[in-house]
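Okay, so here's the structure we're looking at.
The values are calculated or read from the model by the stated rules, or taken from the named source; none is laboratory data. In this text, all values refer to a predicted model and were calculated from it rather than measured experimentally. For accessibility, only protein heavy atoms count, side chains too; no ligands or nucleic acids. Shrake-Rupley method; radii C 1.70, N 1.55, O 1.52, S 1.80 Å.
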Amino acid sequence: MRAENNTLRDRLARQSATIEELTSFKALALSRIAAQQEEIIRLRSPQPNPDTPPVARLTTVPGGSHTIGSCS
């Protein structure tokens, strides 16, 4: 009876250690996945190119639409 109890205690201790290892592994894996997701989002977002000048804004000319020259 005592030998069986000791065997069961050892087995329970091994299972508890395995559960702790797997829980740590899961937490590490989830944190890595989250970091990878953040990096993917960062890389997919538009990045300004420091070599190109800023885009000029076009504005409308006041006074309406006047045709200059012949349209025929």
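Which members of segment 14-28 meet the condition of being open to solvent by less than 80 Å² (accessible area, probe 1.4 Å) and more than 30 Å from the chain's Cα centre (by Cα)?
Of everything in segment 14-28, those that are open to solvent by less than 80 Å² (accessible area, probe 1.4 Å) and more than 30 Å from the chain's Cα centre (by Cα) turn out to be SER16, ALA17.
Being in a loop (DSSP other than H, G, I, E, B) and hydrophobic (A, V, I, L, M, F, W, C) is the filter here; which residues of segment 1-57 pass it? Outline the logic, then answer.
Pass one, segment 1-57, residues in a loop (DSSP other than H, G, I, E, B): 1, 45-57.
Within segment 1-57, MET1, VAL55, ALA56 meet the criteria.
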